[in-house]
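Just so you know, all these numbers are worked out from the coordinates, no wet-lab data involved. Since we're looking at a predicted model, the values are computed, not measured. Virtual Cβ from ideal backbone geometry, glycine too; neighbours counted across all protein chains shown.
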Amino acid sequence: MKRILTGLQPTGVITLGNYVGAIRKMKQLQDEYDSFIFVADMHAITIPQDREQLPKNIRSLVALYLACGIDPKKNTIYIQSENIYHANVSWMLECNSYYGELSRMTQFKDKSRKNANFTVGLLTYPVLMAADIIIYDADYVPVGVDQKQHVELARDIAIRFNKKYGDTFKVPDFYYTDTEVKIMDLQDPTKKMSKSAENPKGVIKLLDDLDDVRKKIMKAATDSEAVVRFDPENKPGVSNLMGIYAALTYKSMEDIEEEFKGQNYGTFKKAVADVVCSELEKIQARYYEILNGKELDRILDEGREKTLAMAKEKYEMMKKKIGLYRG
Ligand code: TYM
């Protein structure tokens, strides 16, 4: 069975973009693949985090995975920082990665531009991500398109290590779906929907109050043409709402254009709000039940033990190949 693996940062703001880009893909694939999903808490500290809030966000993200339909019987679920090998493997990979390639990463360039006093962790972040992926010999990495470049770097790093030290890692691949959508900000649809957005009205969070979600969608930026047509360049707002609608209903853009022919944006937005709210309602109902239940810790303990054993084996293999042992 081929293996898929993904992780999300526990920022406390899990968005509809995160859901469509990663969590839901994992849910769809969990029957066909050996599935690993984890909490990328060490990635989260590349930018400052509140140390009292972070543990709550970690727990909340695991509860959300389960509430979104990630089945603990079919997935290995774990927390990155509970496994010391991720950082150790990352270090060995860092020493085989180049400043040039890391400084060229789009996300690094964006984030470091916003804050002149960025951490070194922000630069080396994709190497830790490569470690997360290749320690477990993942075949495919289901992530949103914004993370594709990092998966390609993980590929390069795996290939380079294999060449230098002999076959050690499986070379991972970005997981492509036919309906790959990047969910954009509702207020500024030229930017991706992101937890760090300045205007909260542009972002739908999985745990948002449903009345607020409806309001945000009804007030989403559109254009003056009043035609529901997919044209991301000239009609980014409407095209984004179509993308959300398509992602949740599995309808094609042509079908959606046909469905709303001659209808105004109000009617279209109401339909989008209906499908989003109905999806979120199911997730939220399960979330609160799971968050307060005992299952969660048992699942995480099991995930930790399993991944510790797997990662240790890879780590020891790497040490030997690199020459890190008493001579
Ligand atoms: P993170 O936490 O920024 O995002 C989690 C997932 O959500 C996807 N995503 C989106 N997809 C579609 N539209 C959007 N607007 C949108 N916003 C976010 C992201 O592509 C991602 O799949 N570095 C990763 C976490 C990570 C990881 C890994 C992932 C660490 N190690 C190993 C895979 C494998 C990150 O920060 O994701």
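Here's how it looks for residue 192: its modeled amide H is under 5 Å from those of 185, which are all 5 or more places away or on a different chain. Mind pulling the angle between the C-alpha long axis of helix 85-94 and the longest principal axis of the chain? Nearest 10 degrees, somewhere in 0 to 90. Result, in degrees: 80. Between the residues 256, 236, 200, the greatest Cα displacement towards the positive end of the dipole of segment 200-288, with unit charges on the Cβ of Lys, Arg, Asp and Glu, is found for 200.
Remark on residue 7: its backbone amide H falls under 5 Å from those of 38, a criterion applied only to residues 5 or more positions apart or on other chains, H modelled at 1.01 Å from N.
Once C-alpha pairs closer than 8 Å and six or more residues apart are averaged by separation and normalised to the residue number of the chain, the relative contact order reads 21 percent. Scanning the chain for GluC sites (Glu not before Pro) lying in DSSP loops with no more than 13 further Cβ atoms inside 10 Å, the longest uninterrupted stretch between such sites is 53-197.
The string of couplings for segment 136-153 from the Karplus curve (6.51, -1.76, 1.60, θ = phi - 60°) is 9, 6, 5, 7, 10, 10, x, 9, x, 4, 5, 9, 4, 4, 5, 5, 5, 5 Hz, one whole number per residue in order, with x for Gly and Pro. Max-minus-min Cα coordinates of the chain on each principal axis give 77, 45, 40 Å, with the largest extent listed first.
Karplus-based coupling profile of segment 293-300, in residue order and whole Hz: x, 8, 3, 3, 5, 4, 4, 5, with θ = phi - 60° in 6.51 cos²θ - 1.76 cosθ + 1.60 and x standing for Gly or Pro. In this simple spin-label model, placing a label point 7 Å from the Cα along the Cα-to-Cβ direction at both residue 250 and residue 263 gives a separation of 2.0 nm. Multiplying each eigenvalue of the alpha-carbon gyration tensor of segment 166-268 by 5 and taking the square root yields semi-axes of 28, 19, 13 Å, largest first, rounded to whole angstroms. Bridges between two residues of the chain, per DSSP, are antiparallel at a rate of about 10%. Placing dummy labels 7 Å off each Cα toward the beta-carbon, the span from residue 115 to residue 171 is 3.6 nm.
For helix 120-134, report the angle its Cα long axis makes with the longest principal axis of the Cα atoms of the chain; keep it between 0 and 90° and round to the nearest 10°. Long axis of 120-134 versus the principal axis of the chain: about 80 degrees. Relative to a virtual label point 7 Å from the Cα of residue 95 in the Cα→beta-carbon direction, which members of segment 304-325 show backbone nitrogen distances below 17 Å? Inside the label zone: 314-325. Across the chain, the longest piece that holds none of the chymotrypsin sites (Phe, Trp or Tyr not before Pro) lying in DSSP loops with up to 13 other C-beta atoms within 10 Å covers 1-97. Taking trypsin sites (Lys or Arg not before Pro) across segment 224-304, the ones in a DSSP loop with at most 10 further Cβ atoms lying within 10 angstrom of their Cβ are 261, 294.
When the chain is treated as a GNM with alpha-carbon contacts under 10 Å, the residue of 221, 130, 22 showing the greatest mean-square fluctuation is 221.
Taking each of 114/148; 73/170; 205/235; 201/294; 192/282; 148/261 in turn, the alpha-carbon distance tops 28 angstrom for 201/294; 148/261.
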